[in-house]
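In what follows, a single structure is set out as structure tokens and then discussed.
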Amino acid sequence: MNDNATEPATPQPADSPEPPAPPTSRFPAAARWTLVFVIVMIALIVAIWPRGDAPSPTTGSPPSVSGPRPFDAPVDEARVAQARADAELADCPVTGLPENPDSVLAGIVEPCLGTGAPYDLGAATAGKPLVVNVWAQWCGPCKTELPYFEEFAARAGDRVTVLALHAKEGGTNPFFPLTLLTEIGVRLPSVLDPDGRVAAAITAPRVFPSTVFLRPDGTIAKVYPGVFDSPQEIADAVEEYLGVTV
């Protein structure tokens, strides 16, 4: 035997298939990485894009802006006086009836927007059904609704007292609410609520507009956080909540 003989190689089957080739991508590697980069950048932009507190289509929410807000900017007294003259608002009403000491408005005094004079809401509105429409000059739906309340007030006459109450957001300066009322041609008696005392007393939500219906004794009959679409809708609500047909 030849010690130098080599071992024969292990034979491979003749029909053994070759390993399949890896699938070829339809997109080159460079294109794939470009697509990934674009997706990541879009995600980052969406994540850091500033989001404002925009009013919803039916209700307005107070703008949450840090620092001084435009509607709180000081305005000199001469311009405010001119704005009052231009607005020609009806004076805040006084019923002349005895006040119920248990009225939710008892002892609350705030400025009458049309005159700037202190207005005792509890004493002035005593003894008659009262409708308070809470609004703000930056609230879009409020601009649409306020004329309906003016029309309803004209229909109601002395049967129901109707007051527009400007919320504390933007209510520290009378110039801007006066300018807005002049712009939309509304002369409804209005009160400013710069410290939010009236809204707190009548439990008005921070949803604008909203309306609160009070009985002649100064107790709350209904808080309505929504928009009225016509003077008739307001009249229907007054009949339902206060029992007065207008």
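The values are calculated or read from the model by the stated rules, or taken from the named source; none is laboratory data. All values derive from a computational prediction rather than experimental measurement. Cβ placement follows ideal geometry from the backbone for every residue including glycine, while neighbour counts extend to all protein chains displayed. Areas reflect the complete protein model, heavy atoms only, side chains present, ligands, DNA and RNA absent. Shrake-Rupley method; radii C 1.70, N 1.55, O 1.52, S 1.80 Å.
Annotations
- Peptides 120-126, 196-202 ranked from most to least packed by the mean count of surrounding Cβ atoms within 10 Å: 120-126, 196-202.
- Extension gain, ASP158 back to ALA85 (0.36 nm per residue minus Cα-Cα distance, nm): 23.8 nm
- Along the axis of the charge dipole computed for region 101-246 (Cβ charges of +1 for Lys and Arg, -1 for Asp and Glu, origin at the Cα centre), the listed residues VAL246, PHE149, GLY218 are led at the positive end by GLY218.
- Taking amide H as placed 1.01 Å from N in the peptide plane, the amide H of LEU113 sits under 5 Å from that of SER190, VAL191, LEU192, each at least 5 places away or on another chain.
- Whole-Hz Karplus values for region 93-102 come out as x, 9, 7, x, 9, x, 8, 7, x, 8 Hz, taken residue by residue from phi with 6.51 cos²θ - 1.76 cosθ + 1.60 and θ = phi - 60°; glycine and proline positions read x.
- Percent RCO, i.e. relative contact order, over region 77-241, from Cα pairs under 8 Å lying at least 6 residues apart: 29 percent
- Region 206-236 and region 83-121: distance between their alpha carbon centers, rounded to Å: 18 Å
- Put a plus charge on the Cβ of each Lys and Arg, a minus charge on the Cβ of each Asp and Glu, and nothing anywhere else: the dipole of region 77-241 about its Cα centre is then about 180 debye.
- Cut-off under 5 Å, modelled amide H: who pairs with ALA221 long-range: PHE213, LEU214, ARG215
- Apolar share of the accessible surface for region 77-241: 52 percent from carbon plus sulfur atoms, 1.4 Å probe.
- Ordering of 92-104, 183-195 by packing is 183-195, 92-104, highest average first (other Cβ atoms within 10 Å, averaged per residue).
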